[in-house]
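As structure tokens, the structure follows; a few thoughts come after it.
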Amino acid sequence: MNNNSIGDEALEEAQKQTKSGIACDGIRQQAKLCLQESDCIKIKMKRARECVEDNDLPTNCQQLLYILHECRRNSIDPRARFRGRRGDM
């Protein structure tokens, strides 16, 4: 395998991860994956809503949910159109 094929694979992977155009979608996807991989859902077999309400999540999932909340809140803030959406990747 030559170096060009490695670069081509990386380029294809980057193109797959383009923005969807939906506000806060990247953070939402990360939070969703974090919730799905948490012990609360995998081991305790609870629903995602129950895990969030019981605050039975790892710290990184809680942080992602907070960032998602801030992103959504700032997307409806009229001043945000000048500053851009906070937390949107």
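Observations on the model:
- Selection of the range 11-42 for residues being out of contact with any helix residue (DSSP H, G or I) (no Cβ under 7 Å at 6 or more places or on another chain), closer than 16 Å to Arg72 by Cα and modelled with pLDDT under 90 yields Ser20, Gly21, Ile22, Asp25, Gly26.
- Figure legend. Inter-residue proximity from the range 23-39: first residues free of Cβ contacts under 8 Å to residues at least 60 places away in the same chain, second residues among the aliphatic types (A, V, I, L, M) and part of a helix (DSSP H, G or I), beta-carbon distance below 7 Å, spacing 6+ or different chains. Indicated pairs: Arg28/Leu68; Gln30/Leu64; Ala31/Leu64; Ala31/Leu65; Ala31/Leu68; Cys34/Leu64; Leu35/Ile41; Leu35/Ala48.
- For Met45, the conditions (1) in contact with a helix residue (DSSP H, G or I) (Cβ under 9 Å, 6 or more places away or on another chain); (2) not in a helix (DSSP H, G or I) are fulfilled apart from (1).
- Any chance Ser5 is modelled with pLDDT under 80 and either among the acidic types (Asp, Glu) or not in a loop (DSSP other than H, G, I, E, B) (or both): yes
- Of the residues making up the range 47-62, those that are over 15 Å from Leu33 (Cα atoms) and charged (D, E, K, R) number 4.
The values are calculated or read from the model by the stated rules, or taken from the named source; none is laboratory data. Since the model is a prediction, treat every value here as computed from it, not as a measurement. Ideal geometry is used to build each Cβ from the backbone, glycine not excepted, and the neighbour counts take in all protein chains shown.
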